[in-house]
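Read the structure below first, then the notes.
The values are calculated or read from the model by the stated rules, or taken from the named source; none is laboratory data. Source: prediction; values computed, not measured. Here the Cβ is made from the backbone with ideal geometry for all residues, glycine too, and neighbour counts use every protein chain on show. Just so you know, the surface numbers come from the protein's heavy atoms only, side chains and all, with ligands and any DNA or RNA stripped out. Shrake-Rupley method; radii C 1.70, N 1.55, O 1.52, S 1.80 Å.
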Amino acid sequence: LLRHNSMDPHGWANDSSLCPPSLPFSSLFSLCLSLFLSVSVCTGDITQKGYEKKRSKLLAPYIPQIQGVDPSLQIDNRIQASSQAVLPVSKQNKSRAANARDERFRSDLHTEAVQAALAKYKERKMPMPSKRRSVLVQSSVEACTPPDTSSASEDEGSLRRQGRLPTSTPYQGHSHPTVEHWFNRVIQGSSTSSSASSTSSHPGGRSVNNHSAPPDVTGLSERSSLHVERPHAASVRGVSRNYNHHTSVMETADGVPVNSRVSNKIQQLLNTLKRPKRPPLREFFVDDFEELLDVQQPDPNQPRPEGQQMSPLEGEPLGVVTNWPPSLPAALQKWGTTHPKSPCLTALDNAGKPVYTLTYGKLWTRSQKLAYTLLNKLSSRNEPLLIPGDRVALVFPNSDPVMFMVAFYGCLLAELVPVPIEVPLTRKDAGSQQIGFLLGSCGVTLALTTDACQKGLPKAQTGEVVTFKGWPRLLWFVTDGKHVAKPPKDWYPSIREASNDIAYIEYKTSKEGSTMGITVSHSAMLAHCQALTQACGYTEAETITNVLDFKREAGLWHGVLTSVMNRMHVISIPYSLMKVNPLSWIQKVHMYKARVAVVKSRDMHWSLLAQRDQRDISLSSLRMLIVADGANPWSISSCDAFLNVFQSRGLRPEVICPCASSSEAMTVAIRRPPEMGVPPPGKAVLSMSGLSHSVIRVDTEEKLSVLTVQDVGQVMPGALVCVVRVEGTPYLCKTDEVGEICVSSGCSGLAYYGLPGMTKNIFETIPVKSTGVPISNRPFTKTSLLGFVGPDNLVFVVGKMDGLMVVSGRRHNADDVVATALAVEPMKFVYRGRIAVFSVSVLHDERIVVVAEQRPDASEEDSFQWMSRVLQAIDSIHQVGVYCLALVPANTLPKAPLGGIHISETKQRFLEGSLHPCNVLMCPHTCVTNLPKPRQKQPEVGPASMIVGNLVAGKRIAQACGRDLGQLEDNDQARKFLYIHDVLQWRAQATPDHPLFLVLNAKGTVASTASCLQLHKRAERVAAALMGRLNTGDHVALVYPPGIDLIATFYGCLYAGCVPVTVRPPHPQNLATTLPTVKMIVEVSKSVCILTTQAIMKLLKSKEAAAAVDIKSWPTVLDTDDLPRKKNPQIYKPPTPEMLAYLDFSVSTTGILAGVKMSHAATSALCRSIKLQCELYPSRQIAICLDPYCGLGLALWCLCSVYSGHQSILVPPLELESNASLWLTAVSQYKVRVTFCSYSVMEMCTKGLGSQTEALRLRNVNLSCVRTCMVVAEERPRITLTQSFSKIFKDLGLSPRAVSTTFGCRVNVAICLQGTAGPDPTTVYVDMRALRHDRVRLVERGSPHSLPLMESGKILPGVKVIIANTETKGPLGDSHLGEVWVSSPHNATGYYTVYGEEALHADHFNTKLSFGDTQTVWARTGYLGFLRRTELTDASGERHDALYVVGSLDETLELRGMRYHPIDIETSVIRSHKSIAECAVFTWTNLLVVVVELEGSEQEALDLVALVTNVVLEEHYLIVGVVVVVDPGVIPINSRGEKQRMHLRDGFLADQLDPIYVAYNM
């Protein structure tokens, strides 16, 4: 609720605050870009069922209860109301520790801006991600962590900064702005009257949110019975319509589910994405290879700077004061000897009691002792360990300023260079490795520390301090009194005048997380102290309170260095005390009557939250309250709020002095104390939209999208300051332009230690005028502060380079985005206001990532709602989309030393997938606007022009053939027989005892064998059993495990004149999935009888089977285990070889069950072709590790041995599950020259035996006998798998040339086979981007976007192949991508389907070219590929034509007008994170769905979402719609090891995957 000025005492708004919707607010939003990019969507078949109900339920909490804001809400009233309200609210706020810190970020104005923006988005509805319950539990494990007190970030600043929303005319009236026009000067001379100041807001005003029902978690309640077992295909999709037992969920044969929660969510996603977002793309480009990303054209209406070129700004001259010391050690000597009792530093304990006061005398003597000890008492191998100029690490805790100061000055006196660093707490500290790198590059060998600190460091077993990761070996020296020696009377430290030698090195961490050491010379250190003394008017013996870290930046400059030069007394307030008592610094100012205090905005804010405890404190002694992070854009609200409360306690408005500084340039500007007679402070209200274009435009106060900043005072004495362009040549900015502030002065850092290149860039910048002339001959130092010079030469800072994010050419500041995110109900969700914002580079642009810590008690639905509102707020106020918003459990973001968030480490974890969020929302559709333009298909070039074009270009038409069967004279006895079963009878007579088959079991022993005669006899017995029962031409299903029974019954059917159909038996442990497939094949093939074993027969009729299928409708089932011996039957003679020999059924990867008809003629031709290619003779042995149920596997098991007479060693792949080495051991034992396997077998061997090659060698496994090892496949060769297989088993003698692949498909089961003769398979590299446009573009190995493709083996004898255009059916040229067509005597004769839909697919088996050779009959394989003539020669002496198969047409995804092969996207995804075991992609209503198997802990699941989205964008220019994270083994795989993507799709849409997490990308 927006706060209204009619409040009841408890801060709840009265009813009157819900104002009538009569406001002109609507006009404020015309610039807000609506949240979602349009995606051309076809909604598909998802229903609306239940969607409306769910929508209203999920929407309820989103709608803020505001319609407008009462115009009477005057700003002044608000300030009055809020400052009065602070007191009563603070009384209620008892549990400060739990929820106070995030309060500091809620400036009322910003909250209003955000609420107003959200009101606009009432109707937005996003699908909520689904999460498995165990993940929910995991994410709240952190709920019991104690509240972490060190959490507020160093720069988390304080109160929320004021912000407003843009109106529709942001830049009007600024045609020729004057400088005064941009600034709303505060004439009264103080920042109190700033009309937009605000105080901390009140927790009372939060609206009550009734939590709706718990989130809908996909697949929790009814875990489906469909558990997909890897080796078996899941139930088969739609061929038989009457077969509807298991697919009752489905509505259509395409398996589109109706009543699915998942599809409801996808529908929501589509509805969200359909809303128009950005202007349409310009006209389409024609040339495919100008695939340049859409470059964002600058908006012609964007504001441009119009002022004069700025002139450099000079600070007042640095005064020369006679009694200033010649160097800092000289000052220490002077005060230590003349005023030894004078207090130098008071240290406090955690209760705020002073523990020790270091006097100047003590500091002098103790520093001398340490200097003497370091130079004279430490030695290694009789050489002194340290010589002057060496670097020494100072490792002191923030609670021990005294020891630090002694060590620092001890090093200066010994002329050593101190390098102060943080205390490393554990080996894994965020950024600790980088600190180690800095120490190593500085050559540090010694670390000074305190006794207590040294005891607390982690130790190795030897008792020494461990070496931290990335750190050099260090010697640790404890500086406590008992370890240092008193110098002899005649020893004095050499005290010289300040020189240009290095005095100390201060570390700083860059935006990328690397740590640099900034060297500061003695003269710069002294000059800086003098400049600060002059600017702040420091006088001798003043008292100063320091709340900052005394090791670096302002804490060091004021509290350790300048204080000693002026003999001041420093009261050092440790961070640990501030956490316990945020008021401590104010109490100390009061107690010690301190004149100066050095604080950060955060410290002022914390004290506001606790000021109720103190009534009797006075701040009237302060003449300067230095706000060290005054450059932080939100410091203004802290200053104003602090003043509002403490003005009544003696705080004068003019003593607040913000300053701006950076590690490189030291102090850049500081507001002078009032007695210096400087002009009054200023305030600027700037348009956020203007700032994003680096232009300063004053905004009227009514707008919501503004940034209010205060000045940081005047330039330092003796310094020259200018503002230069951020990118490129450092040109001076115009007066109304934001740039990087640069300083030239004697008191800035010298260099980055050991980094000359970066040093030149930062410390030696030469700013130039627009004419290109340098503005001065002295070098400038870049400060990394972004700002401008305002009227009265006041310096204004609007951001830092570290937080700069350039998105589509517009600049945004991370701090601003944090501000907006925190204004969205920060109390409820964000744990202590801990939010990190950074940008990552994806697809050539920066993308904004927001990571927040979630309160342990926040529910899933609340968090998701908060996330969607943050997206909307940022979109409205900054007009920029957030790419990823992640919530992590409380206390899990990496911490910076003083409790802030370590941004670069957070970014690192995000990018490497180790952030472990508990909630993620990605919005690539919204922010990725630079995708290449969608391809528009050009009107096809006609087939005739294509041929002519190729001829003109000198390209041949792509066609190739195997050797000519007619010319191959071989003494092939089997050729005399027309039918394969005649060959068996002939062999049974001619060579009755010749062994044909040998089946091995898992132990590697022979389970069964068959000679020619034995096989013939067993076949006769089966035929005898069938002849009485069945008619000629009946179809018989053979349901057998791999073995001789299957082969014998196959020939038994042929003997009886029946048509065998081989069917894989159901898996006893997985009947629900595998039995329906058996049933379907039996029904579709119209089998009148099932032959099987007794065991399987029992299984088919069991009670378990009845649960999966209707067991009453099985045809006759015969078991062939004990067939009676009958009189030998008359063997059937088919009338013609064109008659059907057998049916070959297989489930395609798209889930289609396809049976093809093989005639007797085709069967014999197939066997002959394979015989010739592999040179198979009765004397040969080949090993086969394939399933015998379909395709080439069936041919090799059942047909080839009988035809060629060679002996086949049969290894059932299932046996490899219990003995992975079975196949390779058999190959070695039988010295096999030719062997066949499948990809799944090869994968089992690489995964299972990869580490066991040594053990196999000891068992004498030797693979040097293998000439060809062929992988039987119906897909693009898996080159990485075959290569790793070759590499692993090279040690066992496997020749790298031996491994190759085969290619077959449904229309022809064997098109290519490497065989024994002919050249080795070749590999080419093609451009993946060209492939998407159906083009082949050969590139060099290793070039970007290259994809290796391996030839699929040699084309078989008698086979002709041509590449045809899929649309025009015209022939294509060499190296052009098209469909592979095949003509051969062993083509299948057609599909065998149940509905007589042969006409539908007739052209698959007999099609003709539309041009050229229009007579030949071809079969279409359905695979894309290309032919390429190589330099190699084949057996006949001709140049060899290689066939490259790219992938199945059915599988390809048509997205953005381009054709993608799933395997390419999957390969990228698997590479993106080590825990992704497998991946499958499919599309659903134009959304790309990526399913990944997570091999790791479930808490990594959400890390994958961003990585998957990034890699697919980067490498494929596609936006992922849904990321589904599942358990290993969920992606179904068929017997050939191919992914069944369509089953997966159906399972996902029917809610059957039980996913760990489903993320819907917006």
Of (1) assigned to a strand (DSSP E or B); (2) open to solvent by less than 30 Å² (accessible area, probe 1.4 Å), Y356 fails just (2)
Mind counting the residues in the stretch 671-701 that are touching a helix residue (DSSP H, G or I) at 6+ places or on another chain (Cβ under 8 Å), not hydrophobic (A, V, I, L, M, F, W, C) and not in a loop (DSSP other than H, G, I, E, B)? 3
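Here's the yes/no breakdown for (1) among the basic types (K, R); (2) assigned to a loop (DSSP other than H, G, I, E, B); (3) open to solvent by 30 Å² or more (accessible area, probe 1.4 Å); (4) touching a strand residue (DSSP E or B) at 6+ places or on another chain (Cβ under 7 Å):
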site	(1), (2), (3), (4)
A641	no, no, no, no
F646	no, no, no, no
P658	no, no, no, yes
S661	no, no, no, yes
E664	no, yes, no, yes
A669	no, no, no, yes
Q710	no, no, no, yes
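Among the residues of the stretch 514-553, which ones are among the small types (G, A, S), open to solvent by less than 10 Å² (accessible area, probe 1.4 Å) and under 43 Å from the mean Cα position of the chain (by Cα)?
We begin by selecting, within the stretch 514-553, every residue among the small types (G, A, S); these are 514, 517, 521, 523-524, 527, 531, 535, 537, 541.
Then keep just the ones that are open to solvent by less than 10 Å² (accessible area, probe 1.4 Å); that gives 517, 521, 524, 531, 535.
Listed by number, the list holds a single entry, G517.
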Residues being surrounded by fewer than 24 Cβ atoms within 10 Å (Cβ to Cβ) and in a strand (DSSP E or B) - total across the stretch 1195-1222: 2
Could you list, ordered by first residue, the pairs with Cβ atoms under 8 Å in which the first is in the stretch 957-976 and over 14 Å from E1175 (Cβ atoms) and polar (S, T, N, Q) and the second is open to solvent by 40 Å² or more (accessible area, probe 1.4 Å) and modelled with pLDDT of 75 or more, at least 6 apart or interchain? Q959/K1360; Q973/W986
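Report, by residue number, each residue of the stretch 1426-1472 that is in a strand (DSSP E or B), of a type in the set (V, I, T) and open to solvent by 20 Å² or more (accessible area, probe 1.4 Å). Please lay out each step first, then the result.
We begin by selecting, within the stretch 1426-1472, every residue in a strand (DSSP E or B); these are 1426-1433, 1439-1448, 1453-1455, 1458-1460.
From what's left, of a type in the set (V, I, T): 1430, 1433, 1445-1446.
Listed by number, the list holds a single entry, T1433.
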Looking at (1) open to solvent by 10 Å² or more (accessible area, probe 1.4 Å); (2) out of contact with any strand residue (DSSP E or B) (no Cβ under 8 Å at 6 or more places or on another chain); (3) in a helix (DSSP H, G or I); (4) closer than 30 Å to Y1391 by Cβ, can you tell me which one T1225 breaks? (4)
Output the number of residues of the stretch 756-789 satisfying the condition of being assigned to a loop (DSSP other than H, G, I, E, B) and either open to solvent by 10 Å² or more (accessible area, probe 1.4 Å) or farther than 16 Å from L732 by Cβ (or both). 12
In the set V849, V880, V840, which member is closer than 19 Å to D802 by Cα and assigned to a loop (DSSP other than H, G, I, E, B)? V880
Does the stretch 876-890 include one or more residues that are closer than 30 Å to I421 by Cα, among the β-branched types (V, I, T), open to solvent by 20 Å² or more (accessible area, probe 1.4 Å) and touching an Asp or Glu at 6+ places or on another chain (Cβ under 9 Å)? no
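Quick check, is S808 without any contact (Cβ under 8 Å) to a residue 24 or more places away in the chain and either farther than 30 Å from Q309 by Cα or small (G, A, S) (or both)?
Values: without any contact (Cβ under 8 Å) to a residue 24 or more places away in the chain: no; either farther than 30 Å from Q309 by Cα or small (G, A, S) (or both): yes.
The answer is no for S808.
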Restricting attention to the stretch 947-985, which residues are open to solvent by 60 Å² or more (accessible area, probe 1.4 Å), in a helix (DSSP H, G or I) and modelled with pLDDT of 75 or more? R975, K976
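Considering the stretch 1505-1545 alone, what residues qualify as being charged (D, E, K, R) and out of contact with any strand residue (DSSP E or B) (no Cβ under 6 Å at 6 or more places or on another chain)? Give the derivation first.
At the first step, the residues of the stretch 1505-1545 found to be charged (D, E, K, R) are 1514-1515, 1527, 1536, 1538-1539, 1541, 1545.
Residues satisfying the conditions are E1514, E1515, D1527, R1536, E1538.
May I ask you to verify whether L348 is open to solvent by less than 10 Å² (accessible area, probe 1.4 Å), of a type in the set (A, V, I, L, M) and more than 52 Å from the chain's Cα centre (by Cα)?
On the way: open to solvent by less than 10 Å² (accessible area, probe 1.4 Å): yes; of a type in the set (A, V, I, L, M): yes; more than 52 Å from the chain's Cα centre (by Cα): no.
In short, no.
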Examine the stretch 615-623 for a residue that is of a type in the set (D, E), farther than 25 Å from T667 by Cβ and either open to solvent by less than 10 Å² (accessible area, probe 1.4 Å) or touching a helix residue (DSSP H, G or I) at 6+ places or on another chain (Cβ under 9 Å) (or both), and state whether such a residue exists. yes
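Need a quick list: helices (runs of 4 or more DSSP H) entirely within the stretch 523-636 having at least 2 residues that are polar (S, T, N, Q).
Numbers: elements: 553-556, 575-580, 584-592, 601-610.
Filter on the stretch 523-636 gives 584-592, 601-610.
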Would you be able to tell me the number of residues in the stretch 1024-1045 that are crowded, with 18+ Cβ neighbours inside 10 Å and over 22 Å from C1190 (Cα atoms)? 5
Here's a check for you: in the stretch 410-446, which residue that is among the aliphatic types (A, V, I, L, M) and surrounded by fewer than 21 Cβ atoms within 10 Å (Cβ to Cβ) is nearest to K334 (Cα to Cα)? L446
Failed item, numbered, when L1256 is tested on (1) over 25 Å from H981 (Cα atoms); (2) out of contact with any Gly (no Cβ under 7 Å at 6 or more places or on another chain); (3) outside any helix (DSSP H, G or I): (3)
Anything in the stretch 555-571 that is within 44 Å of the chain's Cα centre (by Cα) and either open to solvent by 10 Å² or more (accessible area, probe 1.4 Å) or not aliphatic (A, V, I, L, M) (or both)? List them, or say none. G555, W557, H558, G559
Test set (1) more than 23 Å from W634 (Cβ to Cβ); (2) surrounded by fewer than 24 Cβ atoms within 10 Å (Cβ to Cβ); (3) in contact with a strand residue (DSSP E or B) (Cβ under 9 Å, 6 or more places away or on another chain) - V743 fails condition number: (2)
Within the stretch 1163-1194, restricting to residues that are closer than 20 Å to S1011 by Cα and not hydrophobic (A, V, I, L, M, F, W, C), the one that is least open to solvent (accessible area, probe 1.4 Å) is P1188
Taking A628, is it touching a residue at least 60 places away in the same chain (Cβ under 8 Å) and open to solvent by 10 Å² or more (accessible area, probe 1.4 Å)? yes
Could you check, for the stretch 1307-1314, whether at least one of its residues is open to solvent by 30 Å² or more (accessible area, probe 1.4 Å), assigned to a loop (DSSP other than H, G, I, E, B) and touching a residue at least 12 places away in the same chain (Cβ under 8 Å)? no
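Tell me, which residue of the stretch 1222-1258 that is of a type in the set (S, T, N, Q) and under 34 Å from the mean Cα position of the chain (by Cα) is nearest to D1291 (Cα to Cα)?
Narrowing the stretch 1222-1258 to residues of a type in the set (S, T, N, Q): 1225, 1228-1229, 1235, 1238, 1240, 1246, 1251-1253.
Going one step further and asking which of them are under 34 Å from the mean Cα position of the chain (by Cα), we end up with 1238, 1240, 1246, 1251.
Details: S1238: 21, S1240: 21, T1246: 13, S1251: 12 Å.
Only one residue fits best here, namely S1251.
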Does any residue in the stretch 977-1006 that is farther than 30 Å from L1256 by Cβ come within less than 6 Å, Cβ to Cβ, of a residue that is among the polar types (S, T, N, Q) and assigned to a helix (DSSP H, G or I) six or more places away or on a different chain, and which pairs are these? I980/T1163
